[in-house]
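A.B. asks: Right, I'll just put the structure down here and ask away after.
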Amino acid sequence: MGCELGVLGVGHLASALLDGVFKRGVLAPEQVLLSDAHPVHLDRFAAMGCAIASANADLKVAPRLLLAVRPQSFEEAASTLGPCADDQLVISVMAGLDSGRIRDALGGSCRMVRAMPNTGATYGASMTCVATGEGGTEEDLRWTTDLFGSIGLTTRIEESLMSAATAVCGSGPGWVYLLASSMVAGAREVGFDEAASEAMVRQVLLGASSVLEHSSSDLDALLDAVASKGGTTEAGLAAMRAGGFEEAVRAGIVAARDRGDELSS
Ligand SMILES: NC(=O)c1ccc[n+]([C@@H]2O[C@H](COP(=O)([O-])OP(=O)(O)OC[C@H]3O[C@@H](n4cnc5c(N)ncnc54)[C@H](OP(=O)(O)O)[C@@H]3O)[C@@H](O)[C@H]2O)c1
């Protein structure tokens, strides 16, 4: 079985992706070559049958490379990788680095695709945005979409919207965790202890997520359905709106997008 994909950086994100890819049979472990600064990150995958590169530069025997190091590690990683060939597809999940910059650092001739998943990947529930970058083809985008389809839903976007995708999808779980933590604080305020508050809030969010997953109603209808006139939910929603909840969430997403643009420039 030939090598189909080389992976540089096998941390949280790449490990979740590889688990999904092998579970769904998109690739077999024998088709993947891995490299990471920490051999311990590779042991589990080596036991499954993945090949382990002895140096980053060896990854380039693969026709496609996934770059899954942190953005601040990229320059150093690129220098150990060396120039990539023009028939090589390079897929980057790194936030804030545009495809032109990555391609230039890799010799200027490879084909680029970018993908922005999130931590839902660990449980097969990522929302991943994919975009062709410099030199990338429709076939490259299709291959990448199939790969990330193994860890959740995918949607195609223009690369110019990658910082926006990072703000909505990549960082998205963070917004929900802040909501969860604020709800726990509210539960404490109305009389529950920490453990009970957290257990209740986690289950409430799971229940609401299940409704979002299974119901065909739009968001306004779902809100209407829980906020009967003169009732408790309506009172709570009114207080949250008056406190600037909606504006704060909107501004947070815009700030995350702006920070992504700033990091890319
Ligand atoms: N985690 C997410 O949910 C998520 C979501 C969307 C996008 N992403 C993107 O995915 C990328 C990886 O994120 P992550 O959370 O998986 O990071 P991570 O857990 O830190 O994994 C990166 C791995 O790459 C290794 N590495 C760094 N430089 C290397 C080099 N030159 N050669 C070999 N290995 C090297 C790191 O080792 P050291 O620890 O020694 O540096 C680490 O083991 C980031 O660019 C991030 O923007 C992540």
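The values are calculated or read from the model by the stated rules, or taken from the named source; none is laboratory data. Keep in mind that what you see is a predicted model, and the values were worked out from it rather than measured. Cβ placement follows ideal geometry from the backbone for every residue including glycine, while neighbour counts extend to all protein chains displayed. Keep in mind that these areas ignore ligands, DNA and RNA; they rest on the heavy atoms of the full protein, side chains included. Shrake-Rupley method; radii C 1.70, N 1.55, O 1.52, S 1.80 Å.
A.B. asks: Over the chain, with every protein chain in place, what whole percent of the accessible area is carbon and sulfur at 1.4 Å, could you tell me?
C.D. replies: Exposed carbon and sulfur together represent 58 percent of the surface.
A.B. asks: Another question, if that's okay. N118's amide H: which non-local residues (gap 5+, or another chain) put their own amide H closer than 5 Å, with H modeled 1.01 Å from N in plane and none for Pro or chain starts?
C.D. replies: Those lying under 5 Å, H to H, from N118 are M127.
A.B. asks: Between Y177 and Q72, what length comes free when the chain is fully extended (0.36 nm per residue of separation minus the Cα-Cα distance, one decimal in nm)?
C.D. replies: Working: separation 105, 0.36 × 105 = 37.80 nm, distance 2.49 nm.
Full-extension gain reported as 35.3 nm.
A.B. asks: Which value, in debye to the nearest 20, gives the size of the charge dipole of the range 5-159 about its Cα centre, when Lys and Arg are +1 and Asp and Glu are -1 at the Cβ?
C.D. replies: Charge dipole, the range 5-159, about its Cα centre: 360 debye, nearest 20.
A.B. asks: Let me ask something additional. For the chain, give the magnitude of the charge dipole about the Cα centre (Cβ charges: +1 Lys/Arg, -1 Asp/Glu; no others), in debye to the nearest 20.
C.D. replies: 260
A.B. asks: A follow-up question, please. Have a look at S160, S197, S73 and tell me which one the Gaussian network model of the chain (Cα, springs below 10 Å) gives the largest fluctuation.
C.D. replies: S197
A.B. asks: Put a dot 7 Å past each Cα toward the Cβ at L222 and D193; how far apart are the dots in nm?
C.D. replies: For D193 paired with L222, the spin-label model returns 3.3 nm.
A.B. asks: Then there's this: What share of all Cα pairs of the chain, in percent, falls into each consecutive 10 Å distance bin?
C.D. replies: 7, 26, 30, 19, 13, 5, 0
A.B. asks: Return the percentage of antiparallel bridges among DSSP beta bridges fully within the chain, rounded to the nearest 5 %.
C.D. replies: Percentage antiparallel, nearest 5: 15.
A.B. asks: Further, regarding this structure: For the range 172-264, list log₁₀ I(q)/I(0) at each q in 0.12 Å⁻¹, using the Debye formula over Cα point scatterers of equal strength and ignoring solvent, two decimals each.
C.D. replies: Each listed q corresponds, in turn, to -0.50.
A.B. asks: At 0.36 nm per residue, and after removing the present C-alpha to C-alpha distance, how many nm does the segment from R259 to F245 gain when stretched out fully?
C.D. replies: Full-extension gain reported as 2.9 nm.
A.B. asks: What is the distance in Å between the Cα centroid of the range 103-166 and that of the range 167-241?
C.D. replies: Spelled out, the Cα-based centre of one part sits 30 Å from the other.
A.B. asks: For the pair E158/A125, report the inter-label distance in nm, with labels modelled 7 Å from Cα in the Cβ direction.
C.D. replies: Label-label distance for E158 and A125, simple model: 3.3 nm.
A.B. asks: A further question on this structure: Just the number please: accessible area per residue for the chain, 1.4 Å probe, all protein chains included, in Å².
C.D. replies: Accessible area per residue: 54 Å².
A.B. asks: Over the chain, what is the relative contact order in percent, taking alpha-carbon pairs closer than 8 angstrom and at least six residues apart?
C.D. replies: The value is 15 percent.
A.B. asks: Under the 0.36 nm per residue contour assumption, what length would be gained going from the current alpha-carbon distance of A235 and M200 to full extension?
C.D. replies: In short, 10.6 nm is gained.
A.B. asks: Now for a different question. Using bins 5 angstrom wide from zero, how does P(r) for the range 93-236 break down, in % of all Cα pairs?
C.D. replies: Computed distribution, short to long bins: 2, 9, 13, 15, 16, 12, 10, 8, 6, 5, 3, 1, 0.
A.B. asks: Also, quick follow-up: Ratio of Rg to Rh for the range 1-129, alpha carbon only, Kirkwood?
C.D. replies: Rounded to two decimals, Rg/Rh equals 0.93.
A.B. asks: Could you check the simple spin-label distance between A47 and E30, using points 7 Å along Cα→Cβ, in nm with one decimal?
C.D. replies: With each label placed 7 Å out from Cα toward Cβ, I get 2.1 nm.
A.B. asks: With a 4.7 Å Cβ cut-off, tell me which Cys residues in the chain come up empty for a partner.
C.D. replies: C3, C50, C129, C169
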